[in-house]
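Report on the structure given below.
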Amino acid sequence: MNGDLLVKNVRALGGDACDIQIQDGHIAAIGPNLSVLPDVTIIDGGGRLLFPGFIDAHTHMDKTLLGLGWYRNEVGSLLTDKIENERRLRRERAIDSHQQSTRHARLAIATGTTHIRTFVDIDTEVELRGFEGVMRTQDDFRDALDIQVVAFPQSGMLIRPGTVELMETALANGATVVGGLDPSAIDRDPARHLDVIFGLAEKYDVDVDIHLHEPGELGAFSVELIAERTKALGYQGRVVISHAICLGGVDEAYLGRLIDLLLENDITIMSHGPSGLRPVPSVKRLYEAGVRMCTGNDGIRDAWGPLNMPDMLLRTFLIAYRNNLRRDDEIEMVLDIATFGGARVLGDTTYGLAPGCRADLVLVDGETHVEAVIDRPPRWLVLKGGRVVARAGECVV
Ligand SMILES: [Zn+2]
């Protein structure tokens, strides 16, 4: 046996029943009735549904509370309440980010996630401990899960002198994305906040991903400032605005102008169908306008709240639910965001179900791919680079 596989009788997203030949971790051929090559392990897919690996393009592996017992959440409603509460909890419980991100990675793999972009808190209190723990996990799982690390100033950047220097150390040591956070609402100096973020991006040649919870016209102003800097730096295609709540809170004419800015500068919007009563960006409106989109689970069972789980089929369901998307073609659109949309953001040019793509594949029971979003059956088999990493809903690495 040479590790090569022939997966027979599966139904690809948007396609008919087919077989997949996998050689050297990549898809060598996909089509009906492929011939059996010598020394190949045959897997009978039994007519199951085939997805490309799921892409969680926005999560926080350093601070999940998975496995630490139930955390009774009594946090206040303001963003700053949540940030303060989390820092206090981290002090009191000495959360080990290597252990926690390992638990998170295993659950993600079990549900068919093959790629993660994770934000790691960097501040003058935790310093680089969270970052170092997640970097160890990135290395531990290098053959089972792609983990891209964002240097993220969760507690604010300019308001906490010393934070920028710590972020620089992370960017020099393996973080490949620089994160920003509410340039007006948290740092209260949007132009300078964004100048520092884009300055770090240029210096270390890394992508940008900015958490933007700012509402209405305040957030829209931040979108304009981000677009200006994206253009000035020639960073088209390398910038994500995460949440972008403001896109749900401006009038139609202003939204149209903001969409034009996003398109001109090839800026991606990450939306995850958040809970809450505020209007959120219409995933369908943005997608149909041609705005690049990705999604992710955000924080998993952490001090911010217990509602998220590391399952991208559940995430797809939640986005559909929050956006009132009921038609099959609409739910297929969300599946595209949770797979191909995220892969583009993470820069994986070998992603997909075509010959030559890396064999990152998920097989599940079900009649249609949309039905799998609703039923969310255990993942029957998950392959990463042609290697089995989960079986019957359990991580096996
Ligand atoms: Zn987040």
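When the range 118-157 is filtered for residues that are assigned to a loop (DSSP other than H, G, I, E, B), of a type in the set (A, V, I, L, M), open to solvent by 10 Å² or more (accessible area, probe 1.4 Å) and modelled with pLDDT of 95 or more, only L128 remains. A residue that is within 16 Å of the ligand (Cβ to nearest atom), under 21 Å from P378 (Cα atoms), assigned by TED's automatic domain parsing to the domain that holds W70 and out of contact with any Ser or Thr (no Cβ under 8 Å at 6 or more places or on another chain) cannot be found anywhere in the range 325-342. Residues in the range 82-89: is at least one away from the ligand (no atom under 16 Å from the Cβ) and without any contact (Cβ under 8 Å) to a residue 40 or more places away in the chain? The answer is yes; a qualifying residue exists.
Of the residues making up the range 247-283, those that are open to solvent by 30 Å² or more (accessible area, probe 1.4 Å) and within 19 Å of A343 (Cα to Cα) are L263, D266.
For the range 51-60, indicate whether the set of residues that are in contact with a helix residue (DSSP H, G or I) (Cβ under 8 Å, 6 or more places away or on another chain) and over 21 Å from T339 (Cα atoms) is non-empty. Among the residues of the range 51-60, not one is in contact with a helix residue (DSSP H, G or I) (Cβ under 8 Å, 6 or more places away or on another chain) and over 21 Å from T339 (Cα atoms), which makes the answer no.
Among the residues of the range 279-314, just one is in contact with a Gly (Cβ under 7 Å, 6 or more places away or on another chain) and charged (D, E, K, R), namely R292.
When V334, V382 are screened for being in contact with a strand residue (DSSP E or B) (Cβ under 7 Å, 6 or more places away or on another chain), aliphatic (A, V, I, L, M) and either at negative phi or touching a residue at least 60 places away in the same chain (Cβ under 8 Å) (or both), only V382 passes. Against the test of being assigned to a loop (DSSP other than H, G, I, E, B), within 19 Å of I300 (Cα to Cα) and in the same structural domain as I241 (by TED's automatic domain parsing), the options I95, I83 yield a single qualifying residue, I95. Here G53, G76, G47 are screened, and the one residue that is open to solvent by less than 50 Å² (accessible area, probe 1.4 Å), closer than 23 Å to I186 by Cα and more than 16 Å from the ligand (Cβ to nearest atom) is G76. Only one of the numbered conditions (1) open to solvent by 20 Å² or more (accessible area, probe 1.4 Å); (2) within 16 Å of G385 (Cβ to Cβ); (3) modelled with pLDDT of 95 or more is not met by N2, and that is (3).
If you scan the range 198-227, which residues turn out to be more than 14 Å from V240 (Cβ to Cβ) and among the aromatic types (F, W, Y)? So that I can check it myself, show each step before the final result.
We begin by selecting, within the range 198-227, every residue more than 14 Å from V240 (Cβ to Cβ); these are 199-200, 202-205, 213-221, 224-225.
Within the range 198-227, Y204, F221 meet the criteria.
Checked against (1) of a type outside the set (G, A, S); (2) within 16 Å of the ligand (Cβ to nearest atom); (3) modelled with pLDDT of 95 or more, T316 meets all criteria but (2). For the range 170-196, name all the residues that are in contact with a helix residue (DSSP H, G or I) (Cβ under 8 Å, 6 or more places away or on another chain) and of a type in the set (V, I, T). Result: V178, I186, V196. When restricted to residues that are part of a helix (DSSP H, G or I) and open to solvent by 10 Å² or more (accessible area, probe 1.4 Å), the range 162-180 contains 7. On the stretch given as the range 56-67, residues that are among the small types (G, A, S) and within 16 Å of the ligand (Cβ to nearest atom) total 1. The one condition from (1) over 23 Å from the mean Cα position of the chain (by Cα); (2) over 20 Å from P274 (Cα atoms); (3) not in a loop (DSSP other than H, G, I, E, B) that R188 does not meet is (3).
The values are calculated or read from the model by the stated rules, or taken from the named source; none is laboratory data. All values reported here derive from a predicted model rather than from experimental measurement. Methodologically, a virtual Cβ is constructed for each residue, glycine included, from the backbone with ideal geometry; neighbour enumeration extends over all protein chains shown. Please note that ligands, DNA and RNA were not included when accessible areas were found on the heavy atoms of the full protein model with its side chains. Shrake-Rupley method; radii C 1.70, N 1.55, O 1.52, S 1.80 Å.
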